[in-house]
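Asker: Encoded as structure tokens, here's the structure I'll be asking about.
Read-outs: derived from the displayed coordinates by stated rules, not from any lab. For clarity, every value in this text was computed on a predicted model and none was experimentally measured. Here the Cβ is made from the backbone with ideal geometry for all residues, glycine too, and neighbour counts use every protein chain on show.
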Amino acid sequence: MNQPDCGIVIPTLGTRIDYLMACIESIRNAGYTYTCVVSPDHQLGKNLLDAGFIEQFVFQSGTGIANAINVAFNDLPDHIQFQSWLGDDDLLEIGSMEIARQCLISNPLATAVYGKCRYIDSEGREIGVNKIGSLASRILRFGPCLIPQPGSLIRRTSFKQIGGLDESYDCAFDLDMFIKLQSLGSTKYVGRILSSFRWHPDSKSVQQRSKSVSEASEIRVSHLPASLKTIAPLWERPISFLTIKSGNVVTFASKQKTFKA
């Protein structure tokens, strides 16, 4: 059998083993995919490799999630043409990476592909589904980042062209990445649920929601023409406010388990 050309990186501290194992299992069911874990925990990597759960372990000596992803992407074998990362508490849908992979193969000028994302609570129960679709890529520079990173797939050559993730950002580096990728080519949308994002109190995305929103605003403004930067607060302030409010709604729904998107 040919080597897989699709690789998924899981950055983890190894503190949520149950979630991590579910994450790895979901990648196994997502298509013929190469799985790499990046972590500062040597023993975790050895255990996963010895058990045959993953193909590669990369030790992270630096700090931050963006650094972990960059280090792991750079260390993936040459046969990997398409790549992405997945939080250790998130999940991929069955066959999702094969769907995303085929989309990139069919659209050689596309830099990335994404689909719908299901929001789940800490126990895996559905809260709602991100259904914004192709509009997410069209409003990327002027609105909230609604492209689900979980389930997305990136052309490796395009990722290298933009210089990887900007490690100066702690939370919103995926927004910066998608904006830069759009400058190289199209970002394709497939109308299928490709992933599940776990919305729970221990999630960094939930814990640092305000910081993420602040970084996202800074990133959008940084990519604007100079003539628009001075008036950007006219729309950035309401966008940030509404993004925070939306996150609060999902947090409340994850506790009540009654939200339907």
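Asker: For S227 and N2, compute 0.36 nm times the residue count separating them, minus their Cα-Cα distance, and round to one decimal in nm.
Answerer: Separation in residues times 0.36 nm, less the Cα-Cα distance, equals 75.9 nm.
Asker: While we're here: Could you tell me whether the stretch 78-215 comes out rounded, prolate or oblate from its Cα gyration tensor? Rule is a ≥ b ≥ c as square roots of the eigenvalues, rounded for a/c under 1.5, then prolate if a/b exceeds b/c, otherwise oblate.
Answerer: oblate
Asker: Taking 0.36 nm per residue of sequence separation and subtracting the Cα-Cα distance, how much length would be gained by fully extending the chain between R28 and H42, in nm to one decimal?
Answerer: Full extension of this stretch gives 2.8 nm more.
Asker: Ranked highest first by average number of other Cβ atoms within 10 Å, how do 25-31, 133-139 line up?
Answerer: So the peptides 25-31, 133-139, ranked by packing, come out 25-31, 133-139.
Asker: Would you check the stretch 6-256 for Lys pairs whose C-alpha atoms are within less than 15 Å, ignoring same-chain pairs closer than 8 in sequence, and give me the count?
Answerer: Counting lysine pairs in the stretch 6-256 gives 6.
Asker: Something else about it: Considering amide H positions built from the backbone, and no H for Pro or chain starts, which residues 5 or more places from A112, or on another chain, come under 5 Å of its amide H?
Answerer: Here R155, K188 satisfy the definition.
Asker: Could you list which residues have their amide H under 5 Å from that of S195, counting only those 5 or more apart in sequence or on another chain, with H placed in the peptide plane?
Answerer: Sorted by chain and number, the residues that satisfy this are E93, R118.
Asker: Along the Cα-to-Cβ line of M21, 7 Å from the Cα, sits a label point; which residues in the stretch 110-132 have backbone N less than 17 Å from it?
Answerer: Output list for this probe position: 123-124.
Asker: Under 8 Å for C-alpha pairs, at least 6 residues apart: give me the relative contact order for the chain, rounded to a whole percent.
Answerer: 21 percent
Asker: Shape verdict for the stretch 1-131, please, from the Cα gyration tensor: rounded (a/c under 1.5), prolate (a/b greater than b/c) or oblate.
Answerer: Note, shape of the stretch 1-131 comes out oblate.
Asker: In addition: Taking the chain as a Gaussian network, where each spring joins two C-alpha atoms under 10 Å apart, which residue of S152, S61, S196 fluctuates the most?
Answerer: S61
Asker: Calculate for the chain the 222 nm mean residue ellipticity that helices alone would give, adding -39,500 (n - 2.57) per DSSP H run of length 4 or more and normalising by residue count, nearest 500 deg cm²/dmol.
Answerer: It lands at -12000 deg cm²/dmol.
Asker: Okay, next question. With each pseudo-label sitting 7 Å past Cα toward Cβ, what's the F53-W235 distance in nm, one decimal?
Answerer: 4.4 nm
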